[in-house]
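First comes the structure, then the notes that go with it.
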Amino acid sequence: MFDNLSEKLQRVFKNLRGEGRLTAENMDAALREIRVALLEADVNFRVVKQLIEAVKVKAMGEEVLQALSPSQQVIAIVRDELIKVLGSHESKLRFSNDPPSVFLIVGLQGSGKTTSTGKLARWLSKNGHRPLVVSVDIYRPAAREQLNVIAKQINIPIYFGAPGEALPVDLARSAKLEATNSGRDVLLVDTAGRLHIDDDLMGELQQLKELLGPVEILFVADAMTGQDAVKSAEEFHKRLGITGVILTKMDGDARGGAALSIRHVTGQPLKFVGVGEKPDAFEPFYPDRAASRILGMGDILSFIEKAEEFVDKKQAEQMQQKLMDNEFTLEDFRNQIRQMRKIGSLDSILKMMPQVGMLKELQNVKVDEGEMTRVVAIIDSMTPRERNNHMIINGNRRRRIAKGSGTSVQDVNQLLKQYTQTRKMMKSFSGGMLGGMLGGKSGGKMAGKLGKMKLPPGFGF
Ligand SMILES: Nc1nc2c(ncn2[C@@H]2O[C@H](COP(=O)(O)OP(=O)(O)OP(=O)(O)O)[C@@H](O)[C@H]2O)c(=O)[nH]1
Ligand SMILES: [Mg+2]
């Protein structure tokens, strides 16, 4: 997400830092480059224009020109303006005082409505709600079954309809009743998509809106379609009145322009982004974090939230203690790998870390997921005694373990070496990667630690 744009902007700032003094000329050149970078990222031209103007006015101010490190201030200004464009604060979902709160999920065909309905239901249930889902897509065969499969997978109840309920409004009405009767506080209504905005579709959505009185009408847009997504959001808003946007497929090679334009063009906030096909590939959208990400400062808060969702805090604390006592066994090593894998692919973890985006060496590192599978297989083939005391693993045992895991003795040797090194390295941090991160009472501790991490000159605020 935002990779290209991020890289380009960082280059502009780097050049700016090379200049001893900030002058009207080099500032002008920098602004031109920022403008091109934004346009190339497919950001709406009106948004680019406004952003550049705002940065210009502030950056050319006396204070900045006289400041000791003007480039630092320019970055701060760009960050502020980016946040403004993205919507100044996090936009929370609205809920009705008279449950169930109805969320209507709308959008063009294939934008990701059904997938997002499932993701949002999962997110809501993880955040203390009791959602019910229903699909009123009666047009595409198997559309309702698709939501059914997703709902089963994430363990969320679905209203599937009764005989004779053939119309979207009938299904929706009964689903709302069912939500009330079964004490569900949110009803998510997945609707049918169309290739283009047409009157039939709008008529149907209008009808659903009147019938259900939704507190949220969430427009699902495919980030890969760039400015088309922005245009259709604008159109939907004019005709139906949307209350927020879910931008999907931000994991692809979307240039990010839609994310940067939608708020400004529709006046409605981006509330969530989809970053993959799986039910957990879904994040609330925070303008300030996105701005930091774009400027290459990483998005450590999102990482911590993600980690906390999956990692058992108790276990993390125990792990940390073990590390300090030098009791970190192969069993723990395996657990740690398993926990890391639950959070996501290592690639996606690395992307959220500050600085990684900027380190050329790391950009080319492809994390080998197969390698992790192999490591787990090897540890699986050990006896509990071996796992708890690697010192007893002699040549014979190594051969047996290699055979049992379908690997070679070299693989086993390599793993043991890796393990002893990790143990040593982690002990010196006095906390594992996750242990250190989550051992504390809150993410604050970690954020503090990272705050002290080495940031490139000019990035310290
Ligand atoms: N990579 C990626 N794929 C996604 C994301 N969200 C949805 N998809 C994929 O996009 C395709 C279409 O998703 P659906 O949820 O069926 O889209 P829809 O809007 O319900 O489609 P219709 O009901 O036909 O209008 C599926 O293959 C999804 O797996 C995302 O955030 N990232
Ligand atoms: Mg669908």
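What to note about this one:
- Residues that are of a type outside the set (Phe, Trp, Tyr), away from ligand 1 (no atom under 16 Å from the Cβ) and within 17 Å of the chain's Cα centre (by Cα) occur in region 101-124; there is at least one.
- Residues that are part of a loop (DSSP other than H, G, I, E, B) and not aliphatic (A, V, I, L, M) were ranked within region 377-391; the one that is nearest to residue 406 (Cα to Cα) is 381.
- When residues of region 209-225 are limited to those that are away from ligand 1 (no atom under 15 Å from the Cβ) and farther than 17 Å from residue 94 by Cβ, the one surrounded by the most Cβ atoms within 10 Å (Cβ to Cβ): 211
- Sole residue being closer than 19 Å to residue 105 by Cβ, within 20 Å of the chain's Cα centre (by Cα), of a type in the set (A, V, I, L, M, F, W, C) and crowded, with 16+ Cβ neighbours inside 10 Å, chosen from 240, 247, 260, 171: 247
- Of all residues in region 266-278, those being in a loop (DSSP other than H, G, I, E, B) and either at positive phi or out of contact with any Ser or Thr (no Cβ under 8 Å at 6 or more places or on another chain) (or both) number 3.
- Filter result for residue 267 (surrounded by fewer than 19 Cβ atoms within 10 Å (Cβ to Cβ), among the small types (Gly, Ala, Ser), farther than 24 Å from residue 78 by Cβ and more than 13 Å from the chain's Cα centre (by Cα)): no
- Residue within region 43-64 that is part of a helix (DSSP H, G or I), modelled with pLDDT under 75 and surrounded by 14 or more Cβ atoms within 10 Å (Cβ to Cβ) present: yes
- Conditions (1) within 11 Å of ligand 1 (Cβ to nearest atom); (2) touching a Leu at 6+ places or on another chain (Cβ under 9 Å); number of the one not met by residue 133: (1)
Per-residue answers, yes or no, for (1) among the charged types (D, E, K, R); (2) surrounded by 22 or more Cβ atoms within 10 Å (Cβ to Cβ):
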| site | (1), (2) |
| --- | --- |
| 113 | yes, yes |
| 117 | no, yes |
| 120 | no, yes |
| 123 | no, no |
| 129 | no, no |
| 136 | no, yes |
| 151 | no, yes |
| 158 | no, yes |
| 165 | yes, no |
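- Checking each residue of region 393-414 against the condition of being out of contact with any strand residue (DSSP E or B) (no Cβ under 6 Å at 6 or more places or on another chain) and at pLDDT below 90 gives at least one match.
- Annotation for region 85-104: at least one member residue is surrounded by 18 or more Cβ atoms within 10 Å (Cβ to Cβ), in contact (Cβ under 8 Å) with a residue 40 or more places away in the chain and within 16 Å of ligand 2 (Cβ to nearest atom).
- Taking each residue of region 33-44 that is in contact (Cβ under 8 Å) with a residue 12 or more places away in the chain and looking for partners that are not in a helix (DSSP H, G or I) with beta-carbon atoms closer than 8 Å, six or more apart or interchain, yields 40/255; 41/2; 41/255; 41/256; 42/226; 42/255; 42/256; 43/256.
- Test: residue in region 210-227 that is touching a Pro at 6+ places or on another chain (Cβ under 6 Å), in contact (Cβ under 8 Å) with a residue 24 or more places away in the chain and closer than 26 Å to residue 261 by Cβ: no
- Verdict on residue 129 being closer than 23 Å to residue 174 by Cα, touching a Phe, Trp or Tyr at 6+ places or on another chain (Cβ under 9 Å) and in a loop (DSSP other than H, G, I, E, B): yes
- Every residue from region 17-36 that is in contact with a Ser or Thr (Cβ under 9 Å, 6 or more places away or on another chain), part of a helix (DSSP H, G or I) and surrounded by 21 or more Cβ atoms within 10 Å (Cβ to Cβ): 30
The values are calculated or read from the model by the stated rules, or taken from the named source; none is laboratory data. Because the structure is predicted, anything quoted here is derived from the model rather than measured. Note: ideal-geometry Cβ built from the backbone for every residue, glycine included; neighbour counts use all protein chains shown.
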